[in-house]
Amino acid sequence: MALKGPDDTVQTARRFYKAVTVEPVDGGYAVKLDGRAPKSPGGLPLIVPTEALGALVAGEWDSQKEFILMAQMPATRLAFTAIEKTAPSRAALADEFARYAGSDALCYFADQPSDLIARQTAAWEPVLQWAEAEHNLAFERAAGVIHRPQPVTTLEQARALALAMDDFSLIALLSATSLFGSALLALAVQLGRLTGEEAHHLARVDEAFQEERWGIDEEAADRTANRLAEARMLGAWFEALR
């Protein structure tokens, strides 16, 4: 039942099922279409670790109309990635998370104007202070865009936190880190310190500041809306795993 073409990429197909259910199975919960589990491009069944995550993924399948549009099913795509690719790549993913932490956007404050600096400080300092107090992640702050190295102990701790996560949390952590441009914001969402929507707004403090002064065009608005939708999905994903 895999929805894939000759090159192993998932393709658009007509909806061929009526009922979408989530059922307990060995290893977790299977999303089933008329009683059969859809398969990943590599042929693995769609099984997730919690019933709540199964419901999130199942909702995407149930919302499809005449055609199955995988581009509109981010939780399903992320689940397939977690199932197929995360386990053999855990060390590399943890390394990547630590690299992001080494140049985290929340550590780079503007050098001017003062009202932007004040807005960044109000938005980002609570997250930076939470990370240090609760998770031993002490970050150096910088003014401007010149890179400032972070303490080795901080990067080692970031890597350890990532490695301690299950496959489904880890792959979503990297997805959130890339979306927000911040390992700290991703970690805050994963741990429930922030919602996905809250992290989205904190990630675009600079962008929102510029929009207030120069306006926003339709393309930029669409891009922001798409990022917000992805942030909300990731927030729901992490909540479903807790």
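From the list F168, F180, which one is surrounded by fewer than 24 Cβ atoms within 10 Å (Cβ to Cβ), within 23 Å of T76 (Cβ to Cβ) and touching a residue at least 40 places away in the same chain (Cβ under 8 Å)?
F168
Condition first: closer than 30 Å to I47 by Cβ and either among the hydrophobic types (A, V, I, L, M, F, W, C) or assigned to a helix (DSSP H, G or I) (or both). Can you find one or more residues in segment 210-217 that meet it?
no
Out of E207, E212, E219, E230, which single residue is of a type in the set (D, E, K, R) and under 15 Å from the mean Cα position of the chain (by Cα)?
E230
Assess whether T154 counts as being among the β-branched types (V, I, T) and either more than 20 Å from Y108 (Cβ to Cβ) or in contact with a strand residue (DSSP E or B) (Cβ under 9 Å, 6 or more places away or on another chain) (or both).
The answer is no for T154.
Take the residues of segment 60-114 that are in contact (Cβ under 8 Å) with a residue 40 or more places away in the chain and of a type in the set (D, E): which is surrounded by the most Cβ atoms within 10 Å (Cβ to Cβ)?
So the residue we want is D104.
Counting only residues that are exposed (fewer than 13 other Cβ atoms within 10 Å of the Cβ) and in a helix (DSSP H, G or I), how many does segment 230-242 have?
Within segment 230-242, residues that are exposed (fewer than 13 other Cβ atoms within 10 Å of the Cβ) and in a helix (DSSP H, G or I) number 0.
If you take the residues in segment 189-206 that are touching a residue at least 60 places away in the same chain (Cβ under 8 Å) and more than 24 Å from G144 (Cβ to Cβ), which one is surrounded by the most Cβ atoms within 10 Å (Cβ to Cβ)?
L194
Going through Q157, Q129, Q150 one at a time, which residue ends up being in contact with an Asp or Glu (Cβ under 8 Å, 6 or more places away or on another chain), at pLDDT 95 or above and in the same structural domain as A172 (by TED's automatic domain parsing)? Step through it out loud before you land on a result.
Details: Q157 fails: in contact with an Asp or Glu (Cβ under 8 Å, 6 or more places away or on another chain); Q129 fails: in contact with an Asp or Glu (Cβ under 8 Å, 6 or more places away or on another chain).
The unique qualifying residue is Q150.
The values are calculated or read from the model by the stated rules, or taken from the named source; none is laboratory data. Not measured: the values here are computed from a predicted model. Because the Cβ atoms are built from the backbone with ideal geometry, glycine has one as well, and the counts that use them run over all protein chains shown.
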